[in-house]
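Below is one structure, written out as structure tokens; the observations come after it.
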Amino acid sequence: MTRKSLQDKISVYGAAPVSDPIQSHTLAVIVDNEPGVLARVVGLFTGRGYNIESLTVAETDHDKKLSRITILCSGTVHVIEQIHHQLERLVPVHYVSNLTLEGPHIERELALMKVVGKKEKRIEALQIAESFRAKSVDTTLDSFVFELTGSPEKIDAFIDLMRPLGLVEVSRTGIAAMARGRDGI
């Protein structure tokens, strides 16, 4: 390549920035179980424009007054690192674990789905539910409410199959996640 043709290909502004890919990460956060803690954690995300894809929170130790918040968020590796460090600095936070980076972990979610239909669609909905091991928790003459526990991908697949059969409502809990193996947080 001649010097002239090489100069034609180089921008006077320098190389274009290479953007890191956006990835989903699951964070487990142990916090004091007291009023306002969840608002502070969520405020950290909203104040910086970070998105939360899933959020679950529940008390895990009544005697120590601790709760576990499981957050599914997405961003570049740099953004996720920032979120992790900023969470660690919040006063009511005891521990933050990025389950995605720390190794194998299990994610599960619970969903309730209402399907309305008659005749063939009703029969087909029941057959699909059986193959997914979804449980019928409510039945009327023209509707079912199915309960399904599993990975978010399994629940998404079930929802996609139920849409043409009369899916009218979905309620999801959000992800509960835990690292595999002996160690706890």
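Summary table
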| read-out | value |
| --- | --- |
| Flag for Ile80 being touching a His at 6+ places or on another chain (Cβ under 7 Å) and surrounded by 15 or more Cβ atoms within 10 Å (Cβ to Cβ) | yes |
| Test: residue in the range 90-104 that is surrounded by 18 or more Cβ atoms within 10 Å (Cβ to Cβ) and assigned to a loop (DSSP other than H, G, I, E, B) | no |
| Residue check, Ser11 of a type outside the set (A, V, I, L, M), at pLDDT below 95, surrounded by fewer than 16 Cβ atoms within 10 Å (Cβ to Cβ) and outside any loop (DSSP other than H, G, I, E, B) | no |
| Any chance Leu55 is farther than 21 Å from Thr173 by Cα and either loosely packed, with under 14 Cβ neighbours inside 10 Å or at pLDDT 90 or above (or both) | no |
| So Leu72, is it under 19 Å from the mean Cα position of the chain (by Cα) and of a type outside the set (Asp, Glu) | yes |
| Any hit, the range 144-155, residues being in contact with a Lys or Arg (Cβ under 9 Å, 6 or more places away or on another chain), surrounded by 15 or more Cβ atoms within 10 Å (Cβ to Cβ) and aromatic (Phe, Trp, Tyr) | yes |
| Options Arg122, Arg68: the member that is among the basic types (Lys, Arg), assigned to a strand (DSSP E or B) and either over 19 Å from Pro152 (Cβ atoms) or in contact (Cβ under 8 Å) with a residue 40 or more places away in the chain (or both) | Arg68 |
| The range 140-163, subset assigned to a helix (DSSP H, G or I) and in contact (Cβ under 8 Å) with a residue 40 or more places away in the chain, residue nearest to Ser54 (Cα to Cα) | Pro152 |
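The values are calculated or read from the model by the stated rules, or taken from the named source; none is laboratory data. Note that the structure is predicted; figures quoted are calculated from it, not measured. Note that we place each Cβ from the backbone using ideal geometry, even for glycine, and neighbour counts take in every protein chain shown.
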